[in-house]
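The values are calculated or read from the model by the stated rules, or taken from the named source; none is laboratory data. Quick caveat, the model's predicted, so the values are computed rather than measured. As a convention, Cβ positions derive from the backbone with ideal geometry for all residues, glycine included, and neighbour counts pool all protein chains shown. Each accessible area value is taken on the protein alone, full model and side chains, heavy atoms only, with ligands, DNA and RNA left out. Shrake-Rupley method; radii C 1.70, N 1.55, O 1.52, S 1.80 Å.
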Amino acid sequence: LDAIKAELPQGWKVKDVDTLGEWQTRLWIMTSETAYGSAEDAAAGWGGDLEITLVRDDRPEAWLKLCITSWDSEAEADEMSEALALMGTGVHYTQEGDKILIVRSSEALGTLPCNKIERAMGKAKIE
């Protein structure tokens, strides 16, 4: 968590650290009309996750969710990546083997240092 905090944009702080789980992941995918049909298969390979919610000091309604996910296999992670691609531009994600980093925000993602956050999230361990 310290590596992630060090890469946060100025004014952002950690509000919560949690786990989504397979069921919540499936429900989240189902919120997308374009990815709805792939939700069950995509979430079925879930192996673990860590979700960090960040908020801004000056605007508490602004939020950023970082979720590093682990999948049962690289093929299962590929299925999840396909579902994420169907969800459109509101979701930024990168896959590395059987792990996927997902970034969602109330802010325009282009204004956030996603690459630095991705490097920091890559150091996170899912227990």
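Annotations for the structure displayed:
- Among the criteria (1) modelled with pLDDT of 90 or more; (2) open to solvent by 70 Å² or more (accessible area, probe 1.4 Å), the one D58 does not fulfil is (1).
- Residue in the range 51-58 that is hydroxyl-bearing (S, T, Y) and either closer than 20 Å to G97 by Cα or in contact with a Cys (Cβ under 6 Å, 6 or more places away or on another chain) (or both) present: no
- Cβ-Cβ under 6 Å pairs, at least 6 apart or on other chains, the range 52-70 side more than 11 Å from V14 (Cβ to Cβ), far side of a type in the set (K, R) and not in a loop (DSSP other than H, G, I, E, B): A62/R56; K65/R104; S70/K99
- Hey, A6 assigned to a helix (DSSP H, G or I), among the aliphatic types (A, V, I, L, M), open to solvent by 20 Å² or more (accessible area, probe 1.4 Å) and touching a residue at least 12 places away in the same chain (Cβ under 8 Å) or not: yes
- Scanning the range 27-45 for residues that are within 20 Å of S73 (Cα to Cα) and either of a type in the set (S, T, Y) or open to solvent by less than 70 Å² (accessible area, probe 1.4 Å) (or both) yields a count of 7.
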